[in-house]
Amino acid sequence: MTEEELFEQAREVNFAYKAPVADVQVSVFDGEWQIWDYGDAPKKCGGDQYKYAMTRTTPEGWRLDSTPLELAEDVAAWLDENGWSDIKTRGYSGEIADVVVEAEYPEKYVDLLIVDISPGEVFDAVTVSATSMCQPGSWRELVREQVPGFADNDPIELHDDRKAEQPTAPLSFGFNDDGTPRFWDDGE
C-alpha cells in the first residue's frame with residue numbers, strides 16, 4: 001500500500017468511527033461540545049498498527065434534565081436501538097455520583113465508547129470518549145502524510161484553535177500547508 005493509499009484508508013476509518021460517536025453526542029446534547037482530543041492524530045496500536053482516540057465534554061454551565069442514572073439508561077437504550085453492542089452501565093459506590101455507559105460498534109470501527117455522566121454543584125458534565133479499532137499501517141507514515149514538512153524533519157507550525165465544536169460540524173483530517181486543519185467534502 002502506498003503512503004497516499006494508507007492516508008486515504010486512514011481518513012475513511014477516522015470519519016467512519018467519528019460519525020456514530022457524533023450521533024451519541026447529539027442524542028445527549030445538540031450543541032457545541034468542548035474538545036479535549038480531536039481524534040485525528042494516529043496513535044501506535046501494537047506492532048505496525050494505528051488507532052484514534054477522541055474526547056468531548058458538554059460545555060461549562062450545562063445541566064442535566066434528569067438524574068445521571070436516568071440519562072445513562074436513556075443513553076444505553078439509544079445505543080441499543082442504533083446498532084451499538086456490548087453495552088454496559090455502571091455506577092460507583094460511596095460519594096461518587098457518576099454513572100458510566102460503555103459500548104462498542106466494530107462495524108463502524110469503534111472499539112470502545114465511554115459516556116461518563118457527572119453531576120456537579122455548579123454545572124453537570126457528560127464526557128464522551130472513544131477509541132477506534134486498531135488498523136494495519138504505520139502511525140508514523142500517517143503523521144508524515146498529515147503534517148506537511150514532517151517527513152523532512154521540518155514540520156510546519158500547526159494552527160488549530162478549535163476549543164469547541166458541534167458534533168455535526170465538517171470533519172478535518174491532517175493539515176494544509178499553512179498549518180490549518182484540512183477539511184474534506186464528499187467530493188474529495
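Per-structure values
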{"quantity": "Matching residues, the range 1-35, being free of Cβ contacts under 8 Å to residues at least 40 places away in the same chain and of a type outside the set (D, E, K, R)", "calculated": "2"}
{"quantity": "Single condition residue 66 does not satisfy, out of (1) surrounded by 15 or more Cβ atoms within 10 Å (Cβ to Cβ); (2) without any contact (Cβ under 8 Å) to a residue 12 or more places away in the chain", "calculated": "(1)"}
{"quantity": "Conditions (1) loosely packed, with under 15 Cβ neighbours inside 10 Å; (2) out of contact with any helix residue (DSSP H, G or I) (no Cβ under 8 Å at 6 or more places or on another chain); number of the one not met by residue 11", "calculated": "(1)"}
{"quantity": "Residue match in the range 108-116 (condition: closer than 23 Å to residue 10 by Cβ, part of a strand (DSSP E or B), in contact with a helix residue (DSSP H, G or I) (Cβ under 9 Å, 6 or more places away or on another chain) and of a type outside the set (D, E, K, R))", "calculated": "yes"}
{"quantity": "Output for the range 73-99, where each listed residue is at pLDDT below 80 and among the hydroxyl-bearing types (Ser, Thr, Tyr)", "calculated": "92, 93"}
{"quantity": "Hits in the range 134-167 - residues which are modelled with pLDDT of 95 or more, buried (at least 19 other Cβ atoms within 10 Å of the Cβ) and assigned to a loop (DSSP other than H, G, I, E, B)", "calculated": "167"}
{"quantity": "Neighbours by Cβ (under 7 Å, 6+ apart or cross-chain): first from the range 164-182, under 14 Å from residue 16 (Cα atoms); second at pLDDT below 95 and surrounded by fewer than 18 Cβ atoms within 10 Å (Cβ to Cβ)", "calculated": "170/183; 171/184; 172/182; 172/183; 173/182; 173/184"}
{"quantity": "So residue 102, is it farther than 21 Å from residue 6 by Cβ, assigned to a helix (DSSP H, G or I) and modelled with pLDDT of 95 or more", "calculated": "no"}
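The values are calculated or read from the model by the stated rules, or taken from the named source; none is laboratory data. Small disclaimer: the values here were computed from a predicted structure and weren't measured. Don't worry about glycine lacking a Cβ; one is built from the backbone with ideal geometry, like all the others, and counts go over all protein chains shown.
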